[in-house]
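The structure under discussion appears below in the form of structure tokens.
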Amino acid sequence: MRSAVQSLLLLGFGLVLAACGRSASAPAPAAPRWSPVPESAREYYDNSGGIRDSLRQVVRDAETMQKVWKEATSKQTSPAPLPNVDFSREMVLVVAAGRMSAEDEIHVDSVDVRKERDERGKNRDVMVALVRSVEGCRRVKAVGYPVEIVRVRRFDGPVRFAEQRAQAEGCGSTALRAAGE
């Protein structure tokens, strides 16, 4: 009788070890390694309406860059010159928010390259750009069309844009002050 109990205990212990070993060997999903876009990589920001539609675009060649730049700066009386981009090492991300308040902003906050499964179930590298839209405090009634153009390191695979929304700092306290007066 004693050996039967010992056998059952050993079997149970073995099953527990096997289950623990299986879960420990499964790889955990990698945490994003976001690389912030430095200020020096921000080539253009404006909200005057050169690009009036919501847009997420990857530019990998000089000809496309020239067209995008011309459209983005078209409402400027003295547009900035086309930036010099080395498309062999860099590419450009263009984000536009469409019609918003003049206080609203859009920015490419950071980028990450990660593994994702494609339609066939195979892993592939994908660049993800985190786009942050910031809603202003609505103190100004004017219309704006925020657009930002940034340089990032060249990536020849697919690019996805992840969206994040935020409220401008200080808006809550202003609303509270106005309501309390």
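One table, with the values for the structure above:
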item: Built amide H within the under 5 Å cut-off of Tyr44, gap 5+; result: Ile149
item: Under 12 Å, Cβ to Cβ, from Ser74 - net charge with Lys/Arg +1 and Asp/Glu -1; result: +2
item: Residues Arg124, Arg165 arranged by fewest to most Cβ contacts within 10 Å; result: Arg165, Arg124
item: DSSP-defined antiparallel bridges as percent of all bridges, the stretch 35-170, nearest 5; result: 75 percent
item: Net +/- balance of residues flanking Arg56 in space, Cβ distance below 12 Å, scoring K and R +1, D and E -1; result: -2
item: P(r) weight above 18 Å for the stretch 35-170, C-alpha pairs, percent; result: 57 percent
item: For the stretch 126-131, 3J(HN,Hα) per residue [Karplus equation, 6.51 cos²θ - 1.76 cosθ + 1.60, θ = phi - 60°, Hz, x = Gly/Pro]; result: 9, 8, 10, 9, 8, 9
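Every number here is computed from the coordinates shown, using simple stated rules; none is lab data. Everything quoted here is computed from the prediction, not taken from an experiment. Backbone-built Cβ (ideal geometry, glycine too); neighbour counts: all protein chains shown.
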